[in-house]
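The values are calculated or read from the model by the stated rules, or taken from the named source; none is laboratory data. Remember, predicted model here, so these are calculated numbers, not experimental data. We place every Cβ from the backbone using ideal geometry, glycine too, and count neighbours over all the protein chains shown.
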């Protein structure tokens with residue numbers, strides 16, 4: 001595990017001094033944790049983001065952005081299915097509460 005001067009922590013693989021492959025990045029300032037794939041220092045591939053408020057996103061990433069299919073779960077039990085196209089939310093659908 002590596003701890004950075006700002007308090008963030010990374011556990012995982014490096015390539016050319018950048019996050020690459022499977023890893024866990026925890027941002028202590030905003031209570032955000034990402035666990036998944038990295039490429040050249042960016043979130044790339046599939047991963048899970050967890051937030052302090054209980055929100056969880058599981059899905060695809062490209063160049064550090066949600067991109068492709070994903071599921072966003074909220075503490076109230078509802079979840080949303082998304083299809084992201086880079087920064088723009090292409091489509092979403094609110095579905096029933098998780099059982």
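Is it true that residue 11 is over 21 Å from residue 73 (Cα atoms), surrounded by fewer than 16 Cβ atoms within 10 Å (Cβ to Cβ) and modelled with pLDDT of 95 or more? Criteria met by residue 11. The residue pairs whose first member lies in the range 25-43 and is at negative phi and modelled with pLDDT of 95 or more, whose second member is in a loop (DSSP other than H, G, I, E, B) and surrounded by 14 or more Cβ atoms within 10 Å (Cβ to Cβ), and whose beta carbons are closer than 9 Å, counting only pairs six or more residues apart or on different chains, are 25/8; 26/8.
Could you check the range 23-34 and list, in sequence order, the residues that are within 22 Å of residue 84 (Cα to Cα) and surrounded by fewer than 16 Cβ atoms within 10 Å (Cβ to Cβ)? Answer for the range 23-34, where residues must be within 22 Å of residue 84 (Cα to Cα) and surrounded by fewer than 16 Cβ atoms within 10 Å (Cβ to Cβ): just 32. Considering each residue of the range 80-93 in turn, at least one proves to be modelled with pLDDT of 75 or more and surrounded by fewer than 16 Cβ atoms within 10 Å (Cβ to Cβ).
Could you list, in sequence order, all residues of the range 54-76 that are in a loop (DSSP other than H, G, I, E, B) and loosely packed, with under 15 Cβ neighbours inside 10 Å? Within the range 54-76, 54, 55, 63, 64, 75, 76 meet the criteria.
Each residue in the range 1-37 was checked for being touching a strand residue (DSSP E or B) at 6+ places or on another chain (Cβ under 6 Å) and in a loop (DSSP other than H, G, I, E, B), and 2 of them qualify.
Of the listed requirements (1) within 18 Å of residue 8 (Cβ to Cβ); (2) over 8 Å from the mean Cα position of the chain (by Cα), residue 53 misses just one: (1).
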